[in-house]
1. Report the rotationally averaged projected area of segment B:135-293 based on its alpha-carbon convex hull, in square nanometres.
2. I'd like the Karplus ³J(HN,Hα) series for segment B:427-444: coefficients 6.51, -1.76, 1.60, θ = phi - 60°, whole numbers in Hz, and an x wherever there's a Gly or Pro.
3. Given B:LYS323/B:LYS431; B:LYS406/B:LYS506; B:LYS191/B:LYS339; B:LYS22/B:LYS269; A:LYS7/A:LYS39, which pairs have Cα atoms separated by over 25 Å?
4. Calculate the length of the line joining the C-alpha centroid of segment A:9-82 to that of segment B:122-149, in whole Å.
5. Can you work out the base-10 log of I(q)/I(0) for segment B:304-384 at q = 0.15 1/Å, using the Debye formula on its C-alpha atoms alone?
6. Let me check the size of segment B:356-465 from its C-alpha atoms; what are the radius of gyration and Dmax in Å?
7. What fraction, in whole percent, of alpha-carbon pairs in segment B:41-99 exceed 16 Å separation?
8. Normalising by the residue count of segment B:363-514, find the relative contact order in percent from Cα pairs under 8 Å and 6+ residues apart.
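The values are calculated or read from the model by the stated rules, or taken from the named source; none is laboratory data. None of the values given here were measured: they were computed from a predicted structure. Glycine gets a Cβ as well: all are built from the backbone with ideal geometry, and neighbour counts include every protein chain shown. The area values use the complete protein model at the heavy-atom level, side chains included, leaving out ligands, DNA and RNA. Shrake-Rupley method; radii C 1.70, N 1.55, O 1.52, S 1.80 Å.
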Amino acid sequence: MENLKEKVAQLEDYIMKKCLWQFHSRAWDRKTQNENILKKATQLLCDEPVELETPADRCYWADALSLTEGFRSRYEWLTAMSKEDIKLLMQGLKERIDFVTITGSLNAELTDPRY
Amino acid sequence: MPYHEFECSKCIPERKKHAVVKGPGEDLTHALPLGYLNTIPGSISERGCAYCGAKHVIGTPMKDVIHLSHGPVGCTYDTWQTKRYTSDNDNFQLKYTFASDVKEKHIVFGAEKVLKQNIIEAFKAFPEIKRMTIYQTCATALIGDDVDAIADEVMEEMPDVDIFVCNSPGFAGPSQSGGHHKINIAWIKKKVGTVEPKITGDYVINYVGEYNIQGDQEVMIDYFNRMGVQVLSTFTGNGSYDDLRAMHGAHLNVLECARSAEYICNELKVKYGIPRLDIEGFGFEPLSASLRKIGLFFGIEDRAQTIIDEETARWKPELDWYKERLKGKKVCLWPGGSKLWHWANVLHEEMGVDIVSVYTKFGHQGDMEKGIARCEVGALAFDDPNELEGLEAMMTLKPDIIFTGKRPGEVAKKIRVPYLNAHAYHNGPYKGYEGWVRFARDIYNAIYSPIHQLSNLDISNDEISIGTGFQTAKMLSDVNLSDEVVSSATLRQYTGKYDSVSDLRKKTYPEFKK
């Protein structure tokens, strides 16, 4: 478990330092972003088909692919993981990113209903 | 992540929640500075007003427009030419500034008449310009002048002109950010969708939140052109008024700024279904990832990769020459808003400097989240700084250089800390691969300038040696480097031209088959 937590922390650090998609301006935007991009990233890491039907899908996919390329180039331990373990890892990552950017965030503007 | 209380601000206890130190093992849920709140009385803020944010930051980079302030001439004059948003039409919007020149008598009797006279006079003085933006100011907002009604009257009398009214007087928000918000939302509501888009390519984008500081936009447009991507509009640097009325025709919005630029993209997504990709033009790795993402979206990632490979091969050896000499230098990254997060991590990774502090004058908590997430442990992050806090931070952190605006920059110089202009740049553009090297060169020149050998002396106390000459920048920077680095055959200093933008305007681009 500690091992998984440590791996999640490394991936979280990468996202926080290299990505912007997790920091949209409102909680509902962040929820959609986290959900779609991390879902597609999990599919890419597990060699599963990724839905590319709509322009929005293509945006999520472009961010997800960029993310997984970054993960693979930095964290060699990813290649040794089974698909089941990757799914578990990405689920832990999603929970952590949701916490840091939405549910645990101290940003008072996240729930402002108006721009 | 404990809150940080400045010694100088103990008499303003509310300030404590505007500053934090990033602690080991802590994250954004432990503490986050307050942001986008009214400045606390007694704190001499470095912020601008909402009028300035609307006109000077967002509106005026639009190039083919008469930008007229309805108010006293000081509002216009004091915001004129303080930022270098150049354009490819001989900088019309920088060369001229317009005001209705409201005086005391107009406050008593109303200023609508003088406004109308000035609008007509300005159009007659520049008959080739058919577009105008009018900016409301505090005085004319308080007396209740109906600027929209006057604009409508003029458009009826002069059917070939179009006028956009920006109702963002100085008091309309805690900082310039309130003005960014007002002008952006007003543009979307009033102007987008009123001109038919001219689509000439297969892949069409709006470039949102880019202000062409010293040519940044033109550098990025060059990459997009080389990829065969049509830039329908740029909001707003080097942007054309009518192109921006046609934003609804793009396939994709690429976004570089924050907050209210995000609102534009979100509104275009809701109203017209155009998706948004966040990109970055600063630094080799973020820029490469951004070009690749745009390429992926359109299915032309091979074209992006060609540019990435060419530009990296050309400029990386020059960036690395500076990185070797900047490693470990301490930086206070104190810009207005978005550069705090655009630069925090990539400066550390690609130039080797340590960011010891970040601040934002007008950013929101979202900007702080991104900035703190991207800087290293130990950095001091604070919101809406005042001059004394800036001085205290420099005295305690002892940075080798700060990146900030020219007002706090001049303060830094007085205590012998070199500064680079983060808003308007010193020798930009700083975007693009070459631009990033130009930034590294400016940092190097600022830190190692021989002038510090003289300026750091106190002639009332220090002994002044008259028998020795100055050390050059290279003598100073290379003193602790290995022979391998000093005599490297691959690393080299910047070899670009003084003007890296003008040649881009003469370039022709290949036509791509779909």
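1. If I average the Cα hull's projected area over directions, I get 10.7 nm².
2. My calculation for segment B:427-444 gives 10, x, x, 9, 7, x, 5, 5, x, 5, 5, 4, 5, 4, 5, 5, 5, 4 Hz in order.
3. Details: B:LYS323/B:LYS431 17 Å; B:LYS406/B:LYS506 33 Å; B:LYS191/B:LYS339 28 Å; B:LYS22/B:LYS269 35 Å; A:LYS7/A:LYS39 18 Å.
From the list (B:LYS323/B:LYS431; B:LYS406/B:LYS506; B:LYS191/B:LYS339; B:LYS22/B:LYS269; A:LYS7/A:LYS39), the Cα-Cα distance tops 25 Å for B:LYS406/B:LYS506; B:LYS191/B:LYS339; B:LYS22/B:LYS269.
4. Value for the Cα centre distance between the two parts: 47 Å.
5. Debye intensities relative to I(0), on a log10 scale: -0.59.
6. Spelled out, the Cα radius of gyration and Dmax of segment B:356-465 are 15.6, 51 Å.
7. Considering segment B:41-99, 42 percent of its Cα-Cα pairs are separated by more than 16 Å.
8. On the way: 94 pairs, mean separation 20.7, N = 152.
Relative contact order here is 14 percent.
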